[in-house]
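Each remark here refers to the structure printed beneath this line.
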Amino acid sequence: MANHEAFINTDLSEFAGKWIAIVDSKVVASSDSPKEVMEKAANEYPGKKPLIARAPTQHLLILAAGKK
């Protein structure tokens, strides 16, 4: 959950459009390849479960629906 919150609340503009890995609430890898990002995170943080996502671009709109 902390990695997801970091993804939402961190300024990721320097990684726009790239794949990133977040471990312990910080970006630990970035690349054009999701496989490369996953491998780097797994090698540097064994036993941790990274959040792998594509960093948003300025044109991204995220909509979320809440429960009623």
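Scanning segment 53-66 turns up no residue that is on the phi > 0 side of the Ramachandran plot and at pLDDT 95 or above. In the condition set (1) part of a strand (DSSP E or B); (2) surrounded by fewer than 17 Cβ atoms within 10 Å (Cβ to Cβ); (3) of a type in the set (Val, Ile, Thr), Ile20 is compliant with all but (2).
Could you please let me know if Ala29 is modelled with pLDDT of 95 or more, surrounded by 13 or more Cβ atoms within 10 Å (Cβ to Cβ), touching a strand residue (DSSP E or B) at 6+ places or on another chain (Cβ under 6 Å) and not in a strand (DSSP E or B)? So Ala29 fails the test.
Filtered by the rule that a residue be in contact with an Asp or Glu (Cβ under 9 Å, 6 or more places away or on another chain) and in contact (Cβ under 8 Å) with a residue 40 or more places away in the chain, segment 7-48 gives a lone residue, Gly17.
The values are calculated or read from the model by the stated rules, or taken from the named source; none is laboratory data. In this text the structure is predicted, and so the values were computed from the model without any measurement. A quick note on method: Cβ atoms are made from the backbone with ideal geometry, for glycine too, and the neighbour counts reach across all protein chains shown.
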